[in-house]
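Here is the structure we will look at.
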Amino acid sequence: MIQAPIVIKIKKICKRSVIYELDVPKALQKYFSKSTFSLVFEGNVNFEVSHNYSMLYVPAVALVFPLALMTSTPIIVKSIDHEFYMSLGELTKILNYMYRNLPSKFFLLSQITKNIKLMTGGALLFYSGGLDSTLLLYNHCQEKPYLVTVQGSDIPSRYLPIWHETMKLAIKVYKKQMSAGNIFIYFKNPLESIILSKDFHNVLHGNDWWGGIQAGVTLPTLVAPIIESINISKVYIASGIQSSLTFPWSDRREVYEAIKFGGTRVICDDYNLSRLDKARKLKEIWSLGTYPELPIRSCLRTSIIRKGNLNCGRCEKCIRTSLQLMIAGINPERVGFKSGPALHILTEFIGQVLAKGGFEGLEKLFWQEIIRELEKSATPFLQSLTKILSKLLETDTKMIKSNRVKTSNTSHLNSLYHLYCQIPLHVRDYLPAQFSKVVKLLSRFG
């Protein structure tokens, strides 16, 4: 029996937006919140959406392709770019290698259009303000790329405060003459990622849908409707995971660079660097003083961000990024983390990790790297502090303030204070301000 297809149509084309309509088989309708979605483009750059249907359909096909591949569902569109059509075959092989239970064939019914290749042209660079894209910007700012910032990918549409702060950051880059201009894309993603992650949990080895299979396929293609208008031949995008890690994840070079459309190449040239490597590269660049220091926006806990802050300082990614920056010799408070990982935040975080049974997936790999680096420079202080922190989880700080501490607890509090005194002064400068408050309390036991 032939599976009913996903039919994609273009409902409306405006100067800076395009609306798509999806006719989805009944069995797959639960994976879509609505039957239409849109791409809206804004910015301080002179451009407009193409009327070349073979390019307009590229992001829509990229959106449904992972689900269509997963369920062996055909896709029907009016026209598609020849290079992108060939890319889908390559992506099928790559995704099938990462996830062995994926079907090995895709089905696309369309008129195939060969577009004129641009031998030379400008560059676009995806920029979200995170550590990865910030280093990518420094590496290519001499080319003066257009910065592309997307709402609806790693910045959910409902989190307006963090979106507005990220927009300000991207515009700041332009004003510092590090880019040719800003392009903001409003991506009204219709996919129900939570349901998709749950239903295909086993196939994706426990990964979430967006990061595991969707992001790498869809994100670079969002610019396809405008590349002809501004003569683009290169699209730079940062990898979220280095190629040396075999962990299955779509935010990586192997997926990104398989994507081609309209003569445009997607380039991911930081594939050999880990997150710590990238932090160290930033340190090197800032030490030269050639370019200004830019804040880092890493936060995923955007619902509690206060106005004017880029990071909450309490979520897993904030704490992880802060530690990566500190290991590289960068004070997190100088680059957007207004409250570093204070002692009470770290202990709370440790408790949360223990409660959920430890780190999982890609998160675990990132933390393993951090731990390895800490072990390389391990001192008696670091080793002892780890033990002390675990004991401190059992200590009521209110009891410390009121001097009502049990005799059995005073010894490890005394040890913690003396360990703090062993920290070199230049290292203490990197400790969050809140730490000094705790030290004042602990000094009673010194």
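Quick notes
- Applying the criterion of being at pLDDT 75 or above and of a type in the set (Ser, Thr, Tyr) to the residues of region 288-317, the residue that is farthest from Val335 (Cα to Cα) is Thr290.
- Qualifying positions in region 228-269 - among the acidic types (Asp, Glu) and within 20 Å of Glu363 (Cβ to Cβ): Asp251
- A count restricted to region 182-229 and to residues that are of a type in the set (A, V, I, L, M), farther than 25 Å from Ile267 by Cα and either in a strand (DSSP E or B) or touching an Asp or Glu at 6+ places or on another chain (Cβ under 8 Å) (or both) stands at 1.
- Test for Ser153: is it surrounded by 18 or more Cβ atoms within 10 Å (Cβ to Cβ) and modelled with pLDDT under 95: yes
- When region 20-35 is limited to residues that are touching a residue at least 40 places away in the same chain (Cβ under 8 Å) and charged (D, E, K, R), the one that is surrounded by the most Cβ atoms within 10 Å (Cβ to Cβ) turns out to be Lys30.
- Lys172 meets each of the listed conditions (1) in contact with a helix residue (DSSP H, G or I) (Cβ under 9 Å, 6 or more places away or on another chain); (2) of a type in the set (Lys, Arg); (3) in a helix (DSSP H, G or I) apart from (1).
- Single unsatisfied condition, Glu165 versus (1) surrounded by fewer than 21 Cβ atoms within 10 Å (Cβ to Cβ); (2) in a helix (DSSP H, G or I): (1)
- Only listed residue being more than 21 Å from Phe32 (Cβ to Cβ), at pLDDT below 90 and not charged (D, E, K, R), chosen from Leu160, Leu135: Leu160
- Only a single criterion out of (1) touching a helix residue (DSSP H, G or I) at 6+ places or on another chain (Cβ under 6 Å); (2) closer than 17 Å to Leu125 by Cβ; (3) of a type in the set (S, T, N, Q) is not satisfied by Gln214, namely (2).
- Answer residue from region 105-150, given it is charged (D, E, K, R) and surrounded by fewer than 20 Cβ atoms within 10 Å (Cβ to Cβ) and is farthest from the chain's Cα centre (by Cα) among those: Lys114
- Only a single item in (1) of a type in the set (D, E, K, R); (2) assigned to a loop (DSSP other than H, G, I, E, B); (3) closer than 20 Å to Glu257 by Cα is not met by Arg158, and it is number (3).
- Asn202 farther than 24 Å from Glu21 by Cβ, in contact with a helix residue (DSSP H, G or I) (Cβ under 8 Å, 6 or more places away or on another chain) and in the same structural domain as Phe37 (by TED's automatic domain parsing): no
Table: residues versus (1) outside any loop (DSSP other than H, G, I, E, B); (2) buried (at least 21 other Cβ atoms within 10 Å of the Cβ).
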position	(1), (2)
Phe37	yes, yes
Glu42	yes, no
His51	no, no
Met55	yes, yes
Val61	yes, yes
Ser79	yes, no
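- The selection criterion, being among the small types (Gly, Ala, Ser) and in the same structural domain as Ser128 (by TED's automatic domain parsing), does not hold for Ala279.
- Yes/no for Lys93 being free of Cβ contacts under 8 Å to residues at least 24 places away in the same chain and not in a strand (DSSP E or B): yes
The values are calculated or read from the model by the stated rules, or taken from the named source; none is laboratory data. Just so it is clear, the structure is predicted and the values come from calculations on it, not from any experiment. Cβ atoms come from the backbone with ideal geometry, glycine included; neighbour counts cover every protein chain shown.
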